[in-house]
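Following: one structure in structure tokens, then a few remarks.
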Amino acid sequence: MNKDPGIDLGSPRWDQATLGGRLRHFFAITDTRLLFKSEEELNKAVEVVSSYRCGKAIEGYTEEQLWAAKHLVDSAIHPDTGEKMFWLGRMSCQVPGGMLITGAMLAWYRTFAAVFFWQWVNQSFNATVNYTNRNAKSTVTDTQVAVAYTSATASATAAALSFRRLTKRMPPLFQRYAPFAAVATANCINIPLMRQREVIDGILVTNEKGEELGHSKRAAKKAVAQVTFSRITMAAPAMLMLPLFMEVLEKKSWYQRARYLNAPIQTALVGVSLTFMVPFGCALFPQKSSMTVKKLEPDLQKSIAARPDGASISKVFFNKGL
């Protein structure tokens with residue numbers, strides 16, 4: 001088929017200005033099935049999308065196949081570097097990875113060893129995801145990655161154990177919320193630390209045409225805050241509702257005879273929740289976030305105002321990361 005000028009593979013398929021459009025987009029690129037595409041299929045998709053965007057005719061591809069190739073590329077290729085992302089850090093791995101780890105955290109939370117081990121596993125996974133999906137225009141050193149990883153693991157373990165100690169004299173239900181307290185605390189530490197170079201040096205901002213305008217620390221803080229809130233939102237429903245469900249379920253006689261179902265049931269239910277909450281969390285804020293020029297640093301405002309087109313620039317845009 002010849003290139004259809006109505007298809008723009010340089011942008012997402014659905015309107016990213018609306019929550020509904022962003023939801024459809026992230027349902028497409030967080031699809032776990034994309035994780036199992038072969039290296040050959042990914043390379044072919046990259047070639048097809050690149051060729052199509054350069055105006056070349058792609059023979060034998062329907063519109064749906066072109067979009068499928070685009071979604072595979074978006075799920076596996078970093079938007080800033082154009083490099084393949086490590087498979088464990090891709091958003092298409094969030095559901096299976098988060099399902100197994102969160103299910104384990106909810107099932108085994110009663111001993112120090114269990115808390116420490118699963119918080120370590122969780123923060124190792126989070127650190128991989130945070131680093132893989134960072135705004136790659138800002139560099140981060142190996143030392144900074146190690147500090148962020150160690151700090152998040154230590155804080156998550158401390159939060160979980162402290163919460164357990166605080167709720168020791170309370171009904172067992174409250175102790176079930178220790179994993180969520182740990183996850184929320186760790187996200188508030190892990191993400192800012194992993195992306196500290198953006199906060200310290202500023203994140204690259206552009207005009208609507210994509211032309212670089214400078215670096216903004218305020219935009220970086222907004223990006224990190226949005227991603228932190230999104231990550232906590234992804235985990236919240238499963239980690240807040242499952243303890244209530246399991247508290248009721250564990251009183252059933254049939255369940256008491258089948259305790260071995262504890263971890264499988266919680267893991268499966270977490271998987272159902274994450275299937276919907278991962279796309280929702282990613283879609284809460286536009287990937288191409290924005291900020292009015294008036295909210296930028298004074299020196300950056302002056303720099304933009306001094307441009308020939310400065311008077312027409314009211315907003316700046318930046319990649320918030322995932």
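Tabulated results
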quantity: Residue satisfying condition, being in contact with a Pro (Cβ under 7 Å, 6 or more places away or on another chain) and more than 21 Å from Leu100 (Cβ to Cβ), within set Val224, Val248, Val205; calculated: Val224
quantity: Residue in segment 148-179 that is farthest from Tyr109 (Cα to Cα), counting only those that are part of a helix (DSSP H, G or I) and open to solvent by 70 Å² or more (accessible area, probe 1.4 Å); calculated: Thr150
quantity: Top-ranked residue in segment 71-87 [being open to solvent by less than 30 Å² (accessible area, probe 1.4 Å) and of a type outside the set (A, V, I, L, M, F, W, C); ranked as farthest from Val129 (Cα to Cα)]; calculated: His71
quantity: Single unsatisfied condition, Arg33 versus (1) over 20 Å from Val278 (Cβ atoms); (2) free of Cβ contacts under 8 Å to residues at least 60 places away in the same chain; (3) exposed (fewer than 13 other Cβ atoms within 10 Å of the Cβ); calculated: (1)
quantity: Positions within segment 104-115 being at pLDDT below 85 and within 23 Å of the chain's Cα centre (by Cα), in sequence order; calculated: Met105, Leu106
quantity: Exclusive hit being of a type in the set (A, V, I, L, M) and out of contact with any helix residue (DSSP H, G or I) (no Cβ under 9 Å at 6 or more places or on another chain), set Ala225, Ala258, Ala235; calculated: Ala258
quantity: Matching option when the condition is of a type in the set (A, V, I, L, M) and within 25 Å of Ala184 (Cβ to Cβ), among Met85, Met99; calculated: Met99
quantity: Conditions (1) free of Cβ contacts under 8 Å to residues at least 60 places away in the same chain; (2) not in a helix (DSSP H, G or I); number of the one not met by Leu204; calculated: (1)
quantity: Counted residues, segment 25-43 - those being farther than 21 Å from Gly98 by Cβ and part of a helix (DSSP H, G or I); calculated: 5
quantity: In segment 207-225, residue farthest from Ser290 (Cα to Cα) [restricted to those that are touching a residue at least 40 places away in the same chain (Cβ under 8 Å) and among the charged types (D, E, K, R)]; calculated: Lys217
quantity: Qualifying positions in segment 19-30 - open to solvent by 50 Å² or more (accessible area, probe 1.4 Å) and either touching a residue at least 24 places away in the same chain (Cβ under 8 Å) or within 14 Å of Met85 (Cα to Cα) (or both); calculated: Leu19, Phe27
quantity: Pick from segment 44-70, criterion in contact (Cβ under 8 Å) with a residue 12 or more places away in the chain and assigned to a loop (DSSP other than H, G, I, E, B), ranking: surrounded by the most Cβ atoms within 10 Å (Cβ to Cβ); calculated: Ile58
quantity: Number of positions in segment 194-225 that are more than 19 Å from the chain's Cα centre (by Cα), under 21 Å from Gln144 (Cα atoms) and open to solvent by less than 40 Å² (accessible area, probe 1.4 Å); calculated: 3
quantity: Hits in segment 207-246 - residues which are charged (D, E, K, R), within 23 Å of Ala311 (Cβ to Cβ) and part of a helix (DSSP H, G or I); calculated: Arg218
quantity: Single condition Thr228 does not satisfy, out of (1) within 25 Å of Phe280 (Cβ to Cβ); (2) within 17 Å of the chain's Cα centre (by Cα); (3) open to solvent by 30 Å² or more (accessible area, probe 1.4 Å); (4) touching a residue at least 12 places away in the same chain (Cβ under 8 Å); calculated: (3)
quantity: Qualifying residue in segment 277-293 (condition: open to solvent by less than 10 Å² (accessible area, probe 1.4 Å), in contact (Cβ under 8 Å) with a residue 12 or more places away in the chain, part of a strand (DSSP E or B) and of a type outside the set (A, V, I, L, M, F, W, C)); calculated: yes
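The values are calculated or read from the model by the stated rules, or taken from the named source; none is laboratory data. Everything numeric in this text was worked out from a predicted model, so none of it was measured. Every residue, glycine as well, gets a Cβ built from its backbone with ideal geometry; the counts of neighbours run over all protein chains shown. For accessibility, only protein heavy atoms count, side chains too; no ligands or nucleic acids. Shrake-Rupley method; radii C 1.70, N 1.55, O 1.52, S 1.80 Å.
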